1. How many of the residues making up the stretch 48-93 are within 24 Å of Thr148 (Cα to Cα), at pLDDT 65 or above and surrounded by fewer than 17 Cβ atoms within 10 Å (Cβ to Cβ)?
2. If we scan the stretch 141-149, do we find a residue that is at negative phi, touching a strand residue (DSSP E or B) at 6+ places or on another chain (Cβ under 8 Å) and in a loop (DSSP other than H, G, I, E, B)?
3. How many of the residues in the stretch 171-193 are farther than 15 Å from Gly47 by Cα and either open to solvent by less than 10 Å² (accessible area, probe 1.4 Å) or in a strand (DSSP E or B) (or both)?
4. Please enumerate the residues belonging to the stretch 152-170 that are of a type in the set (A, V, I, L, M, F, W, C) and part of a strand (DSSP E or B).
5. Before we move on, is Ser45 under 26 Å from Lys159 (Cβ atoms), at pLDDT 90 or above and among the small types (Gly, Ala, Ser)?
6. Out of Thr149, Thr116, I need the residue that is surrounded by 13 or more Cβ atoms within 10 Å (Cβ to Cβ) and not hydrophobic (A, V, I, L, M, F, W, C). Which one?
Amino acid sequence: MKAIVIIIFFTAMVLGSSAQWADRDLSPQKHFLYTSGDYVMGQNSGGNLGLSYIYNDKYSISIGYSATNKVEQSLPSEYLKSAEALTPVTDDIPFKNFEDLHLMVGRVINLNSSSTMRLLLQGGPGISNYREPIFNVSGDQYYHSTQTTKKLCFIVNPKLELPLSCTLGFSVGPMYVVNNEQSYFGLGVGLMYGVLRNSKI
C-alpha cells in the first residue's frame, strides 16, 4: 500500500509540472522534473521509485523509496550442522526485506552537447527498515519470527541517464545502501518520465 501511494504522489506531481511547463517551449529550459522507476537486482531483487528535480542543468535533488526482498531464508549454520532433521512448525516462508526512504543531492555532468546522455552523481541520507527472520528450535521442530531494525543510512546512487525525448528516457546505475549494521548493493535499470530535457533539442 505504501508503494502505491508513493507512485500516485510522484506521478501526479510530474503530470502537473509537465502541464504547467508546456507553454515554455519558446525559451531554453534548464530546469527538469521527472519520476523514475528502477528494477534493482543484486544481493536481493527489488525496486526503486524516485522524484528528481534538476536545477540549471547542473544540480539535482531527489526523494525516493526503495525496497528489496529475499525469500526462502535457510536455517543458520549451527542448526544445519545438527544430525537431527528439523521440520518447520508452520508453512510461512522466512524472508529478508530492506526498505528505505531517502533524500539525495547530486551533480549533473552532460556527456554530449545535445543533453541526450548525462551522468548523475548523487548520494544522501535516508531511513532504512531491515527485516530478518529469527529462528527458534524446540525439539525436532523450528519456527521463526521477524525482527525489524530501523536505522539511519547513507545511499550512493550514480546513474547514467538517457533522455530519449523531452518526456521519456532510460537510466542505469549502481545503488549502495549502508548503515552501521547492514548494507545492500545492487544495479538498477529504469524508466524516466516527465520533463527530462529541453524540447528544442
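The values are calculated or read from the model by the stated rules, or taken from the named source; none is laboratory data. It should be emphasised that the depicted structure is a prediction, and the values quoted were computed from it without experimental measurement. Reconstructed Cβ throughout: ideal geometry from the backbone, glycine too, with neighbour counts over all protein chains shown. Keep in mind that these areas ignore ligands, DNA and RNA; they rest on the heavy atoms of the full protein, side chains included. Shrake-Rupley method; radii C 1.70, N 1.55, O 1.52, S 1.80 Å.
1. 5
2. No, there is no match, as no residue in the stretch 141-149 is at negative phi, touching a strand residue (DSSP E or B) at 6+ places or on another chain (Cβ under 8 Å) and in a loop (DSSP other than H, G, I, E, B).
3. Of the residues in that region, 3 qualify.
4. Correct list: Leu152, Cys153, Phe154, Ile155, Val156, Leu160, Leu162, Leu168, Phe170.
5. Criteria not met by Ser45.
6. Thr116
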